[in-house]
Amino acid sequence: MTMAVDHNDKNEKLETRRLGRTEYQVTCLGLGAYRLTIDFGIPRTQSLALLQSAVTMGINYMDTAPQYGAGESEELIGRTLREHPNRKVHISSKVGHLDDTIVRSFGTGAYQNDDCIRRVIEHSRWLLQKDQLEMVFVHEPEMEIWGWDKKTLDAPVLRTLEKLKNEGTIGAIGLGSNTVEFPSKLAETGRFDVIEIANGYTLLTHRLEEHILPTAQKHDLGIVAGGPFRDGLLATRQYKKIEALKKAPKQTGWTTEKALDRLYLLYQLSNETNLPMYELSLRYILSNSSIHSVIPGAQKPTEVEANYQAALKGPLPTDILEAIRKIQQKTS
């Protein structure tokens, strides 16, 4: 198969997109700051170098959470931002997984306690060295522990976040999840500004498009695509991993036979077009203008640089998008 491979390198800066009604102008490529902490054994010097590279390249959106390294992710970002006081970097952090935060001694009651939620967010602000934290997401809102009212879809955490927004402590309220069903219902309330779904829009699945985007357009919500690389399988060609998954006695989650067949065909397309899988993955997501930012994780400065160079090229050419569409239809 011969295809027109796009080598556009004229852009020197990343495209920015309006993050819905927040009015934040965020770079189409952000940074997920989950995998750069002690939880993954990453040296601090390496993490700081990674963050330094991201900021100096012009990436102006980073996503973190108190859970990531028990606060280390936020602290590392805060140290980096302090060295660049003139650069505006939008941060989304989260509230959730409270047993890994400063209010862990309060147990499950912390999830519905105004003071506990405020303490966690104030601690995040201090670590991030932010006067105002641009965005706070309810982390995994589908958990029953939040105490959502089934009729009104109200909850103590939402009321606290709305107070903090009115006070100017935070700028926007969001949802951060791996699922789409319950977040889509919450989005319908119109009380949220941003939604981030991990593995929600990739070469393998369009859950975000199917469940979230119609509501997002109705309420002018910001949309962030997390987990673009499906645990690395969409970052590099891993044929042996596909074979191992196919031979597994029981396939669970997304690893169905059709999904693995799709992955194999995508690897072939990557090889035929001479586009690395990480580039094919990122530029595919960037081809959907309804996605405002994609936030791949990274553990090395070279990974940030590679993602940056891929994003500079912008959306994929139409013939490659058509080839992907045919693969998706064939394996649906």
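Bear in mind that the values in this text are calculations on the coordinates, not laboratory data. If you're wondering where the values come from, they're calculated on a predicted model, not measured in any experiment. Neighbour counts run over all protein chains shown; Cβ positions are idealised from the backbone, glycine included.
Before moving on, here are some points about what is shown:
- Three-way shape call for the range 147-205 based on the alpha-carbon gyration tensor, with the a/c threshold at 1.5: oblate
- Helix 277-286 axis, angle to the chain major axis (alpha carbon atoms, nearest 10°): 60 degrees
- With helices as the sole contributors, the chain gives -12000 deg cm²/dmol at 222 nm; each DSSP H run of n ≥ 4 counts as -39500 (n - 2.57), and the sum is divided by every residue.
- Relative to one another, the C-alpha centroids of the range 13-64 and the range 302-332 are positioned 21 Å apart.
- Volume in Å³ per residue [convex hull over Cα atoms, computed for the range 83-162]: 97 Å³
- Over all directions, the projected convex hull of the C-alpha atoms in the range 126-251 averages 10.3 nm² in area.
- Under the convention that each Lys and Arg Cβ holds +1 and each Asp and Glu Cβ holds -1, the size of the dipole of the chain around its Cα centre is about 440 debye.
- Förster-model FRET efficiency, 45 Å R0, TYR264 and ASP114, C-beta, rounded to 0.05: 0.35
- Once the Cβ-Cβ distance of TRP126 and GLN52 is raised to the sixth power relative to R0 = 25 Å, the FRET efficiency obtained is 0.75.
- Counting 0.36 nm for each residue step from ARG21 to GLU167 and taking away their Cα separation leaves a gain of 50.7 nm.
- Contour minus Cα-Cα distance for LYS88 and THR256 (0.36 nm per residue): 56.3 nm
- Kirkwood analysis of the Cα pair distances in the range 1-129 returns a hydrodynamic radius of 16.3 Å.
- Between the listed residues SER281, LEU221, THR64, the Cα displaced farthest toward the positive end of the dipole of the chain, a dipole computed from Cβ unit charges relative to the Cα centre, is found at SER281.
- For the range 1-139, share of DSSP beta bridges that run antiparallel, in % to the nearest 5: 25 percent
- Lysines whose Cα lies under 20 Å from that of LYS163, excluding same-chain neighbours fewer than 8 positions away: LYS94, LYS130
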